[in-house]
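Undergrad: Take a look at this one; I'll ask things after.
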Amino acid sequence: MKKNEIRILYKQKRRKLISSEKEKLEDLMLIQFQKLPILENFSIMSFAPIEVQNEFDPYLCEEFCFFRNENTSLSYPIVNSYTDNIDSFIIGEETEFELNNYGIAEPIGGIKINPKDIQVIFMPLLAFDKSGYRVGYGMGYYDKFIKLCSPKVIKIGFSFFEAEIIDDLNELDEKMNYCVTPTQIYEF
């Protein structure tokens, strides 16, 4: 299936999830996430879910990482309209957020982090395939950002649904290392 078709289909599938069902799926995904063989001390770039898209909320996974190591550093992306890329800013409990032009909550202010210092990236997605490629919202921000990161960065996607076939991959697409679903962890 082509990416544009996948985007339409998976947005519809997510919209059909009722709140209690989504919460149950997120709880199951946290259980799977806890099985990942990731580092104990790391810098994570996460993301704020797009609520109107019924997107996976990585908050529970972030909290688990802090439980494992209170020195975990957490950053969130901000779309940089000048570079047509994203920058990542360290956040804390006091950080305030505002919606950008895409309806995504971004931190206000904060300390910009060098992409090479990020060890783990939580990646939003609509769908993924069994080779580790994902279909996002079509802007390519994460694929471009990953090229600025260390080659050792661990990229983790989260999907309510199992793998899909993507027919139109290209050389700009970046692979994930893992994708967490409610039933399993895909490793690529």
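The values are calculated or read from the model by the stated rules, or taken from the named source; none is laboratory data. Since this is a predicted model, take the numbers as computed values, not measurements. Neighbour counts run over all protein chains shown; Cβ positions are idealised from the backbone, glycine included.
Undergrad: If I go through the stretch 27-53 residue by residue, how many of them are assigned to a loop (DSSP other than H, G, I, E, B) and not basic (Lys, Arg)?
TA: The initial filter retains those residues of the stretch 27-53 that are assigned to a loop (DSSP other than H, G, I, E, B), namely 34-42, 46-50.
Now narrow it down to the ones that are not basic (Lys, Arg): 34, 36-42, 46-50.
Of the residues in that region, 13 qualify.
Undergrad: Now, a different point. Take the residues in the stretch 95-122 that are aromatic (Phe, Trp, Tyr) and either modelled with pLDDT of 95 or more or assigned to a strand (DSSP E or B) (or both); name whichever of them is farthest from Ser75 (Cα to Cα).
TA: Restricting to residues being aromatic (Phe, Trp, Tyr) and either modelled with pLDDT of 95 or more or assigned to a strand (DSSP E or B) (or both), the top hit is Phe97.
Undergrad: A follow-up question, please. Quick check: is even one residue across the stretch 104-111 surrounded by fewer than 16 Cβ atoms within 10 Å (Cβ to Cβ), of a type in the set (A, V, I, L, M), out of contact with any strand residue (DSSP E or B) (no Cβ under 7 Å at 6 or more places or on another chain) and in contact (Cβ under 8 Å) with a residue 40 or more places away in the chain?
TA: No - not one qualifying residue is present in the stretch 104-111.
Undergrad: For Ser75, which of the numbered conditions (1) without any contact (Cβ under 8 Å) to a residue 40 or more places away in the chain; (2) part of a strand (DSSP E or B); (3) not β-branched (Val, Ile, Thr) fails to hold?
TA: (1) is the only condition that Ser75 fails.
Undergrad: When you check Phe97 against the structure, is it surrounded by 11 or more Cβ atoms within 10 Å (Cβ to Cβ) and out of contact with any Pro (no Cβ under 8 Å at 6 or more places or on another chain), yes or no?
TA: Numbers: surrounded by 11 or more Cβ atoms within 10 Å (Cβ to Cβ): yes; out of contact with any Pro (no Cβ under 8 Å at 6 or more places or on another chain): no.
The answer is no for Phe97.
Undergrad: Of all residues in the stretch 42-62, which are free of Cβ contacts under 8 Å to residues at least 40 places away in the same chain and hydrophobic (A, V, I, L, M, F, W, C)?
TA: Leu60
Undergrad: Check the stretch 125-132 and report whether any residue there is on the phi > 0 side of the Ramachandran plot, under 15 Å from the mean Cα position of the chain (by Cα) and surrounded by fewer than 16 Cβ atoms within 10 Å (Cβ to Cβ).
TA: Looking only at the stretch 125-132, we keep the residues that are on the phi > 0 side of the Ramachandran plot, and these are 132.
Filter once more, keeping what is under 15 Å from the mean Cα position of the chain (by Cα): 132.
With the extra rule that they be surrounded by fewer than 16 Cβ atoms within 10 Å (Cβ to Cβ), the set shrinks to none.
Taking every residue of the stretch 125-132 in turn, none turns out to be on the phi > 0 side of the Ramachandran plot, under 15 Å from the mean Cα position of the chain (by Cα) and surrounded by fewer than 16 Cβ atoms within 10 Å (Cβ to Cβ).
Undergrad: A further question follows. Show the residue pairs meeting these rules: Cβ distance below 6 Å; 6+ apart or different chains; first residue within the stretch 85-102 and under 21 Å from Lys147 (Cβ atoms) and hydroxyl-bearing (Ser, Thr, Tyr); second residue modelled with pLDDT of 95 or more and surrounded by 14 or more Cβ atoms within 10 Å (Cβ to Cβ).
TA: Listed pairs, sorted by first residue: Ser88/Met45; Ser88/Ser75; Ser88/Pro77; Ser88/Ile113.
Undergrad: Moving on. So the check is Cβ under 8 Å with 6+ separation or different chains; which pairs have a first residue in the stretch 12-23 that's under 22 Å from Tyr137 (Cβ atoms) and a second one that's outside any helix (DSSP H, G or I) and aromatic (Phe, Trp, Tyr)?
TA: Lys13/Phe160; Lys13/Phe161; Arg14/Phe160; Leu17/Phe160; Lys22/Phe160
Undergrad: If you don't mind, another one. I'm checking my understanding of the structure. Among residues of the stretch 54-72 that are assigned to a helix (DSSP H, G or I) and within 14 Å of the chain's Cα centre (by Cα), which one is surrounded by the fewest Cβ atoms within 10 Å (Cβ to Cβ)?
TA: It comes out as Tyr59.
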